[in-house]
Each structure stands twice: as C-alpha cells, then as structure tokens.
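Undergrad: Structure provided below as structure tokens; questions to follow.
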Amino acid sequence: DTGVSQDPRHKITKRGQNVTFRCDPISEHNRLYWYRQTLGQGPEFLTYFQNEAQLEKSRLLSDRFSAERPKGSFSTLEIQRTEQGDSAMYLCASSPRDRRALGAEQYFGPGTRLTVT
Amino acid sequence: AQSVSQHNHHVILSEAASLELGCNYSYGGTVNLFWYVQYPGQHLQLLLKYFSGDPLVKGIKGFEAEFIKSKFSFNLRKPSVQWSDTAEYFCASDAGNMLTFGGGTRLMVKP
C-alpha cells in the first residue's frame, strides 16, 4: 500500500493522559499536514511540515498539542493532558513538492479516532 | 481568513436523479478549489480540483464542478447519481498552505 498510513486507527484514553499518533506520508511527498475532524464537521487544519520544518503551527488548538517530523519522513502528533473535548478524528495528509503543480493535491490517510473518557 | 460554506447538509435523491451541491468560498485572491468525497468507512478521496484555466472541471466517477469567480462558487454536479454515490462530500479551498473545508454534505441515494 503506497498511501498515507496512520497509527493507531483507534485510541481510547482517560482524561489527563498523554497520547501520540503517527503518520507515514507517501514516500516522495515532502509536505505533511495534520487536521482534526469532529462529528458533523469538515476537517480543521492544525499544522504542516515541509520536510522537517514546521512552517505553520499557529492553528494548533492549544499548547497541549505539538507535532514533530524529525527526519522529514514520518510525523507524530502529541496531545498532552487530554480532555474530553479532544475526542475527534485526527487526519494526516501529504502532498508533493509544489502544491501548485498539476496533481499537487493533498492525499489523506484513514485517520486516528481518539476517544477521551 | 478563508471560509467555505456548503449550503446543503443532507441530500436524499433517487437513483438517476441529477445532483448539484453548492459551495461558496470567501477568499478573494488566487485560490485552488477541491471537492473531496468520503464513502462510508473510507478515508477522504479527491473527486476533482480546480487550479486555473477552464472553469468547468471534470473529475472521477462522472462528477464535474464549475468555478464561477464572480459568485465565489464551486458547485459540484453529476447528471445521474447511483446508489454507490452515497457518501459525504466536502468542498475545500487552498489559498496558502492549508485546506479550509466546508461542513460537508451527506448524500443518500435511494435505489
């Protein structure tokens, strides 16, 4: 499978615990994006990387959220001290080098569904 | 800030009916526009995209969309829907480095 993969697919955690999600983009894509989707809503942008550089992080929902892409390949999204309001689907997407070139759309993974009890 | 509005939250059609889903975006500059589809239990997939050029764009599975700059619209159309088109449809704009999505339209096609 050469698509975007995410792990785990489902995560149940207790309030106050930390969680970390992983995303593996399509191998030749240098841009990687994180989104959050709550029930009945469209995905909401969180942050993105170009290679290992995090170029936009002002949309992260709070300082409890952080993301890394240390070697410019896979990425992790961490939520510290989870709250019930963090329950959502967390989506990862990747795109090739030039987003304005033909075909430079974002390809989405299956998501990680987080439930905070 | 960008915003995207989808006017219909739920649409129910019979097979062979024509489909038009509305989408309006707020950004006044150069923007890329997309329609994504999410079939039950599956991840978001691209239906079609507009970057520039011909404002009528054709996508997969017989879908098309028309970019009307003066109306800030990018409506999705299909002349004859099938039961397999049952899904949630999302319009999105990209004017920078992120996608801004509309709230989605749930389409149910009755056989």
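Undergrad: Just the ratio, please: alpha-carbon radius of gyration of chain A over 2.2 N^0.38 Å, N its number of residues.
TA: 1.01
Undergrad: Please list 3J(HN,Hα) in residue order for segment B:31-38, calculated via the Karplus relation 6.51 cos²θ - 1.76 cosθ + 1.60 where θ = phi - 60°; whole Hz, with x for glycine and proline.
TA: 9, 9, 10, 9, 10, 10, 10, 10
Undergrad: Under a straight-distance cross-link criterion of Cα-Cα below 18 Å, which lysines are reachable from B:Lys69, leaving out those fewer than 8 residues away in the same chain?
TA: B:Lys49, B:Lys58
Undergrad: Per residue of segment A:10-21, in order, report the coupling 6.51 cos²θ - 1.76 cosθ + 1.60 (Karplus, θ = phi - 60°) as ³J(HN,Hα) in whole Hz, putting x for Gly and Pro.
TA: 9, 9, 10, 9, 8, 3, x, 7, 9, 9, 9, 10
Undergrad: Treating cross-link reach as a plain straight distance, find the lysines whose alpha-carbon is under 21 Å from the alpha-carbon of B:Lys110, omitting any fewer than eight places away in the same chain.
TA: Reachable lysines: B:Lys61, B:Lys78.
Undergrad: Considering the dipole of the protein assembly as shown built from charges on the beta carbon (Lys and Arg +1, Asp and Glu -1) around the Cα centre, which of A:Ile79, A:Phe49, B:Asn8 is farthest to its positive end?
TA: Result: A:Ile79.
Undergrad: Roughly speaking, what is the centre-to-centre gap between segment A:46-117 and segment B:4-49 when only Cα atoms are used, to the nearest Å?
TA: Cα centres, segment A:46-117 to segment B:4-49: 23 Å.
Undergrad: A further question on this structure: How large is ³J(HN,Hα) for each residue in segment B:84-93, as worked out from phi by the Karplus curve 6.51 cos²θ - 1.76 cosθ + 1.60 (θ = phi - 60°), to whole Hz, x for Gly and Pro?
TA: These are the phi-based 3J(HN,Hα) values: 5, 7, 4, 4, 10, 10, 10, 8, 8, 10 Hz.
Undergrad: Find, to one decimal place in angstroms, the Kirkwood hydrodynamic radius of chain B, where the mean of 1/r is taken over every pair of different Cα atoms and then inverted.
TA: 13.9
Undergrad: Residues with amide H under 5 Å of A:Glu56's amide H, sequence separation 5 or more or different chain, H placed in the peptide plane at 1.01 Å from N; which?
TA: A:Tyr48
Undergrad: Taking H as built 1.01 Å from N, whose amide H comes closer than 5 Å to the amide H of A:Asn30, not counting residues under 5 places away?
TA: For A:Asn30, whose amide H was placed from the backbone, the distant partners under 5 Å are A:Ser95, A:Arg97.
Undergrad: So, one more: Quick one: A:Met89, B:Met98, fewest Cβ neighbours within 10 Å first, how do they rank?
TA: A:Met89, B:Met98
Throughout, read-outs are computed from the coordinates displayed, never taken from laboratory work. Bear in mind the structure is a predicted one, so any value in this text is a computation, not a measurement. Heads up, the Cβs are rebuilt from the backbone with ideal geometry, glycines too, and the neighbour counts pull from every protein chain shown.
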